Each structure stands twice: as C-alpha cells, then as structure tokens.
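Working notes, structure below.
Rule-based calculations on the coordinates, nothing more; no lab input. This one's a predicted model, so the numbers in the text were calculated from it and none came from an experiment. Note that each Cβ is placed from the backbone with ideal geometry, even for glycine, and that neighbours are counted across all protein chains shown.
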Amino acid sequence: MPVICVASAKGGVGKTTLAVNLAALAADDNANALIIDLDPQRSAADWRTVRTAGRPLPRVAAATVDQLPELLAAAKAEGLNLVVLDTPPHATGEIFEAARLSDLVLIPVRPAVLDLRSAGRTLDGVAAMGKPYAVVLNACPTTGRGEAGVVRESREALAPHPVAPVALTQRAALQHAMIDGRAVHEYEPGGKAAAEMRDLYTWTRGKLTKW
C-alpha cells in the first residue's frame, strides 16, 4: 500500500488541491484511496463533506500525526490501495514525521523567489531522510508557447533537487472544482487543468508500487 505525502512548511502552495485531485484520480483508476487530513484547517475533510459528484471515493480521515502509524496500519489491514497525506503548514516536525512514514513525498512550490527560498528547509530535510521525493511546481503562469520562462528558471534554481516533469499552471478550474467537492477532471474533463493533473498522476503512479 503506497503512501504519498504532500508536504510543505509554507502555507498557500496548493497542498490540499494536489492531494485531493491525485486521490480522486486514483479512485477513478480503481484504487481504494484514503486521504488523511493532518492540517488543523481540515480543508480536505471539508472538500469531502461537500462532495456531490456521485462518487463515494476517495475517503477522507481527519487526524493528527501522532495517530498516523495506527491509521496506516488499519488502512493496510483493510486492503486499501493508496493513502495520501495532506500535511499542515508551519509544523516542520510533523511534516518530517509524515514524510518518514511515506513512500513518496511531493513538495508543491510556486515558481517565485520567496517560495523557492522558503522550500529549502523542507527539501533538505526530506532529502536527508533518503526518501524518494520531488518538487511539484504549482500555480505556474500560463503561456501559449510551452513552459513559461520562470518555470524553467525555477527548475534550474531547485537543482539538485528532483522536480516533477509536469508543472501545474494556475487555472480557475482547479478552484471552481473544489467548491462542491469535485476533482478538476470531474469538473472540466476536457480542460487543460485536468490534462495536467492526469499527466502528474500518471508520472506519480510510475514512481510507486503498482496497486
């Protein structure tokens, strides 16, 4: 049972949006998926409460990091295929503990100077654990001519940390989908935001044990 940890010590980088969309795509891919919401704001749990898309999965459990080992053991015993951890901001110790219990850590970062700098502690800490991890460049500017220059520059600035080949651009569909508990591929199946999220999901799944 692979465990994905979506982690960042900085708030407002899109952790919850990334977590719920990846889990919803996994559920559509016949995975029995669970999101464990570790953020005191409970945004993922709120998303599940208003979910009206007609799909019962993924489930969401609100918890603290101290409860994680027990919850992960129960999920494995139940035969779940995937767990996604949505971590709290500003709680470095809790973030690292969640990362320690995971198989893959995804670290969303906006392609801006201050965001790149603030990600350093999270990146260095996860790298020191020896865990597989990658930066996901998120809320990137749109351009009709391929990847924006600031995204390419961010990839270079983040070296030698690994960066996912799929960058997520800032699109309104991602936020509109969250309003009534949908994933972006449910809200706008043929849209660019859905295509990017599917590509990121496919890449992420390739990094994990198959379910």
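One table, with the values for the structure above:
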| read-out | value |
| --- | --- |
| Of Ile36, Ile107, Ile179, the one that fluctuates the most in a GNM where the chain has Cα springs shorter than 10 Å | Ile179 |
| Pairs from Lys15/Lys76; Lys131/Lys207; Lys10/Lys131; Lys10/Lys207 whose Cα-Cα separation, in the structure shown, is over 22 Å | Lys15/Lys76; Lys10/Lys207 |
| Extension gain, Thr142 back to Lys207 (0.36 nm per residue minus Cα-Cα distance, nm) | 20.7 nm |
| The chain - Rg over Rh from alpha carbon coordinates, Kirkwood radius | 0.93 |
| Most fluctuating residue given options Ala45, Ala177, Ala74, as computed from a GNM of the chain linking Cα atoms under 10 Å | Ala74 |
| Neighbour-count ranking [beta-carbon atoms within 10 angstrom, fewest first] of Val135, Val60 | Val135, Val60 |
| Dipole magnitude of the stretch 3-206, debye to nearest 20 (Cβ charges: Lys/Arg +1, Asp/Glu -1, about Cα centre) | 340 |
| Taking His161, His90, His176, His185 and counting other C-beta atoms within 10 Å, the order from fewest to most | His90, His176, His161, His185 |
| Residue of Thr169, Thr142, Thr92 that the Gaussian network model of the chain assigns the largest fluctuation, springs spanning Cα pairs under 10 Å | Thr142 |
| Separation between Cα centres of the stretch 191-211 and the stretch 1-64, rounded to whole Å | 15 |
